[in-house]
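Engineer: Here you go, one structure.
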Amino acid sequence: MLIVAGKGGVGKTAVTAALAVAASSVGVRTLIVEVEGKGGMPAMFGSAGLTYEDAVLVHAAEEHADGVHGGVTARTITPDDALLDYLSSHGLQRISNRLVASGALDLVATAVPGIRDILVLGKIKQLEQTGEWDLILLDAPAAGHAITFLRSARGLADAVKVGPINTQANDVLELLCDPTRCRVALVTLPEETPVNEVVETAYSLEDEVGVALGPVLVNAVFPDLAGLATDPEDAAASAGVTLLDGEADLLRAAAEFRSERTALQHQQLDRMAEELPLPQVRLPYLFTSELGRAELDLLAAAVTDGIRHLDVPGVVA
Amino acid sequence: MTGLPTNELGQVVARSKVVVCCGSGGVGKTTTAALIAMEAARSGRRAVVVTIDPARRLADALGLEGLTNEPSRIDGGWPGELWALMLDTKSTFDGLVRRYSATEAQSEAILTNNFYKNISGSLSGTQEYMATEKLFELAVEGDYDLVVVDTPPTRNALDFLEAPHRLAHFLDHRLYRVLTAPTKGFVKAVNVAAQTLVRALAKVVGADVVDDAISFFQAFEGMDEGFKDRARQVDALLTDDSTAFVLVASPKADTVVEAGYFAEQLHDHRIEVRGLIVNRMQPSFERPGHTEDELATGPDAVRRRAVTLSERPGAEALVDHYTCLADARELARGEESHLTGLTDRVAPAPVVRVSLQPFEVTDLAALSGLGDVVFGRTTVSR
């Protein structure tokens, strides 16, 4: 199980989808679990919205350049659904509908913070144990909340000493803290604030939750264009091309802008490497405006490539 | 007020007493809130900005180490005043409880109740609720010309608008009656079903928790009118003509969709967006006045030129240059197409496009430079 976490706006959902495609392309049967009910993911696969039921996004045995896909399936797990599921599996089915309808979940959730999260995590743990999936990717809530979300197990195991919630919390904790079963991959952007936040989140997760961290996934890294170091006039001369009037200025302005942004990115990536001793997997900036299957395949290729260059085997597979 | 030249957005700010910045996370909302307040200070007004973001981003940008729940003054040599604070949900809530408690004993009973401690930290919408509460406190009781609030990065604008009603609603909860009823003998009979529910709850979460909840509701008895009244006043402030909702977005497809959703929800609440700020726009490197000539060709044509040239020996560097220009234009064109529907929706509100700055906003000087861009005094700040 891999938990994908990062602050809003870093492209966590796209990265999760790309990880799924990458895993599937090496024959791994992959399940994506969405907990916030956001709409973006299925559209990237050209599919409709997700529900509590499994939806196949990439068919197993779909062919691609390197072989055959293991398949990508996705579903949501919301606290309400997870509670109903939980109650009916604990012999409380009779009152379960009334509990939810009367808003009891709200009240219980307030009385016992983290119970929503533990219900969701508990359900995921149950899915993990079916053995139906080689990899479960959890598209976790945005960063601040991700820590609370993952901390819920430890909090509840301490707060509720006996009973089914305690058992549930301990089971989840066992899963979270077992690096052979579960890791967290943090997603960030190569920019100042996202880097600060990912460093902070990484340490909190390790210290407060005890979960093992996988590589940091850095989204939207500009591909290097070495030729930009050459002035456009010289570049044109060396190519034997005559530039139009004013063209050199435009090219120069665009190149300067890109080079400055790229330099800033590298500065941040270096700083992150210094402050956070975790390997980085870099995903390229996509200049296209629509994110579809073709773009996911591109990101997935970068993930696969990035992971092959790491010395940590088996993070995804 | 001094005569700082400004655009239409600046005029909106100048006319308003409250500005609420809303939008999804990661679009520069906190920074935008800060520079709206700074703009007011620069034009001689006394402004305060309430930030919510737990990542303390604004504190970084303002060069303030520890913003607290009370306003601190930021000195920047402007004619007006700039104050900033970081919302502390729990202490704001505590203050509210103290305000509406009939006696010291009642507020103590609530503040020390475990259930309350959980509510004040985790009831969904509490942060939004306290943001509106802080806004109200500063706008009505504070001595400011302008209050700017950053909103929590929620997907739902209604969370913010309806937050004040939520606690009132929560206290009216059917379960409140269910939980308190067993103490009143004569209704016991009709509440057998309810008690089954309570017992089921106790079985799952433990009896302590249920006891805490019951004593919380009992302690709150009689305070709900105060809360409801406050909620109505906050409502009136939010829908007042001197309150402007400013939408902050980035030109990415998903955040534009979310911004559109915000605008729609506000509209349903009879609140119109007064301004749209789109941060981090990619410059397109088009030459003004040359839109029809060869230099203004679209990204595809530029990219084709790169591909054609890649066959030619010695052209590697030029290929990179054309690729770079094509990337920039493709991005810029995509962003504009995402924005089309949104700008139509918020019309006639002014739309300000802020191009991606080739530096990060980490200090006052940078923030002030960005303010010049947002309020139309320059296009690129350096």
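Engineer: With respect to A:Ala253, determine if the residue is over 24 Å from A:Glu192 (Cα atoms) and either at the interface with another protein chain (Cβ under 7 Å from one of its Cβ atoms) or at pLDDT 95 or above (or both).
Structural biologist: no
Engineer: Before we move on, is A:Asp81 farther than 18 Å from A:Met1 by Cβ, modelled with pLDDT of 80 or more and charged (D, E, K, R)?
Structural biologist: Considered against the rule, which asks whether it is farther than 18 Å from A:Met1 by Cβ, modelled with pLDDT of 80 or more and charged (D, E, K, R), A:Asp81 comes out as yes.
Engineer: Conditions first: (1) open to solvent by 60 Å² or more (accessible area, probe 1.4 Å); (2) at pLDDT below 95. A:Glu275 passes all but one, so which condition is the exception?
Structural biologist: (2) is the only condition that A:Glu275 fails.
Engineer: Being open to solvent by less than 30 Å² (accessible area, probe 1.4 Å), in a helix (DSSP H, G or I) and of a type outside the set (Ser, Thr, Tyr) is true for just one of A:Val33, A:Val21, A:Val4. Which residue is that?
Structural biologist: None of the other options fit; the residue is A:Val21.
Engineer: Let me ask something else about it. So B:Gly334 clears everything in (1) open to solvent by less than 70 Å² (accessible area, probe 1.4 Å); (2) farther than 30 Å from B:His267 by Cβ; (3) part of a helix (DSSP H, G or I) except one condition, right? Which one?
Structural biologist: Just one mismatch for B:Gly334, condition (2).
Engineer: One residue is enough: does the stretch B:67-90 have a residue meeting the conditions at pLDDT below 80, in a helix (DSSP H, G or I) and crowded, with 17+ Cβ neighbours inside 10 Å?
Structural biologist: Checked the stretch B:67-90: no residue is at pLDDT below 80, in a helix (DSSP H, G or I) and crowded, with 17+ Cβ neighbours inside 10 Å.
Engineer: So, one more: Go through the stretch A:257-292 and report how many residues are away from every other protein chain (no Cβ under 14 Å) and in a loop (DSSP other than H, G, I, E, B).
Structural biologist: 4
Engineer: Something else: Can you find a residue in the stretch A:237-246 that is at the interface with chain B (Cβ under 9 Å from one of its Cβ atoms) and of a type in the set (Ser, Thr, Tyr)?
Structural biologist: Yes.
Engineer: Turning to a different aspect of this structure: Which one of the conditions (1) within 14 Å of chain A (Cβ to nearest Cβ); (2) of a type in the set (S, T, N, Q); (3) open to solvent by less than 30 Å² (accessible area, probe 1.4 Å) does B:Thr196 fail to meet, given that it meets all the rest?
Structural biologist: Among (1) within 14 Å of chain A (Cβ to nearest Cβ); (2) of a type in the set (S, T, N, Q); (3) open to solvent by less than 30 Å² (accessible area, probe 1.4 Å), the lone unmet condition for B:Thr196 is (3).
Engineer: Taking the stretch A:242-256, which residues are surrounded by fewer than 16 Cβ atoms within 10 Å (Cβ to Cβ) and not in a helix (DSSP H, G or I)?
Structural biologist: Of everything in the stretch A:242-256, those that are surrounded by fewer than 16 Cβ atoms within 10 Å (Cβ to Cβ) and not in a helix (DSSP H, G or I) turn out to be A:Thr242, A:Leu244, A:Asp245, A:Gly246.
Engineer: What are the pairs, 6+ residues apart or on separate chains, where a residue within the stretch B:11-30 that is free of Cβ contacts under 8 Å to residues at least 40 places away in the same chain has its Cβ under 8 Å from a residue that is hydroxyl-bearing (Ser, Thr, Tyr)?
Structural biologist: Close Cβ pairs (under 8 Å, with a partner that is hydroxyl-bearing (Ser, Thr, Tyr)) amount to B:Ala14/B:Thr6; B:Ala14/B:Ser43.
Engineer: For the subset of the stretch B:31-61 comprising residues that are open to solvent by 10 Å² or more (accessible area, probe 1.4 Å) and at pLDDT below 85, which member is nearest to the chain's Cα centre (by Cα)?
Structural biologist: In this case the residue turns out to be B:Asp53.
Engineer: I've got another one for you. Please go through the stretch A:179-231 and give me each residue that is closer than 19 Å to A:Asp305 by Cα and among the small types (Gly, Ala, Ser), ordered by number.
Structural biologist: Across the stretch A:179-231, the qualifying residues are A:Ala185, A:Gly214, A:Ala220.
Engineer: In the stretch B:322-338, what residues are touching a Ser or Thr at 6+ places or on another chain (Cβ under 8 Å) and of a type outside the set (Asp, Glu)?
Structural biologist: B:Ala328, B:Arg329, B:Leu331, B:Ala332, B:Arg333, B:Gly334, B:Ser337, B:His338 - these are the residues of the stretch B:322-338 that are touching a Ser or Thr at 6+ places or on another chain (Cβ under 8 Å) and of a type outside the set (Asp, Glu).
Engineer: Taking the conditions exactly as written (within 11 Å of chain B (Cβ to nearest Cβ) and in contact with a strand residue (DSSP E or B) (Cβ under 8 Å, 6 or more places away or on another chain)), does A:Leu189 satisfy them or not?
Structural biologist: When the stated conditions are applied, A:Leu189 passes them.
Engineer: Is it the case, given these coordinates, that B:Asp363 is more than 30 Å from B:Asp268 (Cβ to Cβ), in contact (Cβ under 8 Å) with a residue 12 or more places away in the chain, within 7 Å of another protein chain (Cβ to nearest Cβ) and of a type outside the set (Gly, Ala, Ser)?
Structural biologist: no
Engineer: If you don't mind, another one. Among the residues of the stretch A:146-168, is there at least one that is out of contact with any His (no Cβ under 9 Å at 6 or more places or on another chain) and over 30 Å from A:Leu92 (Cα atoms)?
Structural biologist: yes
Engineer: Which condition breaks for B:Asp372 when tested against (1) touching a residue at least 40 places away in the same chain (Cβ under 8 Å); (2) in a helix (DSSP H, G or I)?
Structural biologist: (1)
Engineer: I've got another one for you. What about B:Thr243, is it more than 12 Å from every other protein chain (Cβ to nearest Cβ) and touching a strand residue (DSSP E or B) at 6+ places or on another chain (Cβ under 7 Å)?
Structural biologist: Yes.
Engineer: Right, another one. Considering (1) buried (at least 23 other Cβ atoms within 10 Å of the Cβ); (2) in contact (Cβ under 8 Å) with a residue 60 or more places away in the chain, say which one A:Pro232 fails and leave the rest.
Structural biologist: Failing condition for A:Pro232: (2).
Engineer: Now for a separate question. In this structure, is A:Asp224 in a helix (DSSP H, G or I), among the charged types (D, E, K, R) and within 24 Å of B:Ser310 (Cα to Cα)?
Structural biologist: No: the conditions fail for A:Asp224.
Engineer: Looking only at the stretch A:196-232, count how many residues are of a type in the set (S, T, N, Q) and under 16 Å from A:Thr148 (Cα atoms).
Structural biologist: Counting residues in the stretch A:196-232 that are of a type in the set (S, T, N, Q) and under 16 Å from A:Thr148 (Cα atoms) gives 2.
Engineer: Would you mind telling me which numbered condition in (1) in contact (Cβ under 8 Å) with a residue 40 or more places away in the chain; (2) surrounded by fewer than 17 Cβ atoms within 10 Å (Cβ to Cβ); (3) away from every other protein chain (no Cβ under 11 Å) B:Gly298 fails?
Structural biologist: So the condition that B:Gly298 fails would be (1).
Engineer: Does B:Val19 meet the test of being closer than 16 Å to B:Thr243 by Cα, open to solvent by less than 20 Å² (accessible area, probe 1.4 Å), touching a helix residue (DSSP H, G or I) at 6+ places or on another chain (Cβ under 8 Å) and modelled with pLDDT under 95?
Structural biologist: No.
Engineer: Scan (1) within 9 Å of chain A (Cβ to nearest Cβ); (2) crowded, with 18+ Cβ neighbours inside 10 Å for the single condition B:Gly314 breaks and write down its number.
Structural biologist: (2)
The values are calculated or read from the model by the stated rules, or taken from the named source; none is laboratory data. On a predicted model such as this, the values are computed, not experimentally measured, just so you know. Heads up, the Cβs are rebuilt from the backbone with ideal geometry, glycines too, and the neighbour counts pull from every protein chain shown. Heavy atoms of the whole protein, side chains included, go into the accessibility calculation; ligands, DNA and RNA do not. Shrake-Rupley method; radii C 1.70, N 1.55, O 1.52, S 1.80 Å.
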